[in-house]
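Remarks on the structure that follows.
The values are calculated or read from the model by the stated rules, or taken from the named source; none is laboratory data. Keep in mind that this is a model prediction, so the values were computed, not measured. Backbone-built Cβ (ideal geometry, glycine too); neighbour counts: all protein chains shown.
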Amino acid sequence: MYHFGAGFSVWSAVMPTKPRTQPKVVQSRAGSYLLWDRKEGPGGDEEKKMRRRKKRKKKKKEKKKEKKTKKKKKKKKKKKKKKKEEEEEEEKEEVREEEQEEDEEREEEEEEEREEEGEEDKEEKEEEEKEEEEEKEEEEEEEKEEVREEEQEEDEEREEEEEEEREEEGEEDKEEEEEDDEEIEEGEEEEEDDEEIEEGEEEEEREEREEKKRRRRRRSTMEKKKSLIREEEEESSPYHRFTNEI
């Protein structure tokens, strides 16, 4: 094999098998060289096409193998997932069955305990109810005593106020009588005295009215408290409870 020119290999005449066509003589600045037809001979287009086909076939085979391997792996993964899911479901069912059994056993035990404790609970409830009733009665009595004490204090205060008012009225009456006597004796400014007396009487009448209003209000409050106490006594009575229960 001889080399003529840049990048072209040719067969020499010594070669026992010659190509079908003769090479062409090409002249260039670098020199003359032989040029084989690219379609024939070694390194031609057909040989390149064959190589490319072989490469493509190899690539296709490799891709097919990869696809098959991927499919196999997917199938294996799916099978594993199914197995895991089935195992998990079986475990869950077993756990549920165990929980149901435990719940049933617990319920049976609770029922037995309730039956045993039923009588004791009844006795305890009755005792608790009695204690509650006694406490309520004590509280009601304490409230009644407090109301009575308040009423007594109010009565005492009212009596003291009335006595003070009476004493003040008595002193004022005495002073007014003395002044009247002096004015009558002296006989001065009768008209002014009359006006002052009238004004004093009006003031006294106003004060009396206000005192009456105050007394009425106190009496109404006392009557309301007494009515509330009576209602509580009636409700706490056993006869009233019996009628309500009916």
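Out of GLU123, GLU141, GLU149, GLU145, one residue alone is within 53 Å of the chain's Cα centre (by Cα) and more than 30 Å from THR221 (Cα to Cα). It is GLU123. When you look at LYS125, is it surrounded by 10 or more Cβ atoms within 10 Å (Cβ to Cβ) and modelled with pLDDT of 85 or more, yes or no? So LYS125 fails the test. In the range 136-151, is there at least one residue being touching a residue at least 40 places away in the same chain (Cβ under 8 Å) and within 26 Å of ILE197 (Cβ to Cβ)? Within the range 136-151, none of the residues are touching a residue at least 40 places away in the same chain (Cβ under 8 Å) and within 26 Å of ILE197 (Cβ to Cβ).
For (1) modelled with pLDDT under 85; (2) under 51 Å from the mean Cα position of the chain (by Cα), each residue gets a yes or a no:
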| residue | (1), (2) |
| --- | --- |
| ASP193 | yes, no |
| GLU196 | yes, no |
| GLU202 | yes, no |
| ARG206 | yes, no |
| GLU211 | no, no |
| SER220 | yes, yes |
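Candidates GLU138, GLU133, GLU169: the one that is modelled with pLDDT of 85 or more and surrounded by 11 or more Cβ atoms within 10 Å (Cβ to Cβ) is GLU133. Between residues in the range 38-55 that are at positive phi and residues that are of a type in the set (Phe, Trp, Tyr) and at pLDDT below 70, which pairs lie under 8 Å by C-beta distance while being six or more apart or on different chains? Going by the 8 Å Cβ cut-off, the qualifying pairs are GLY41/TRP11.
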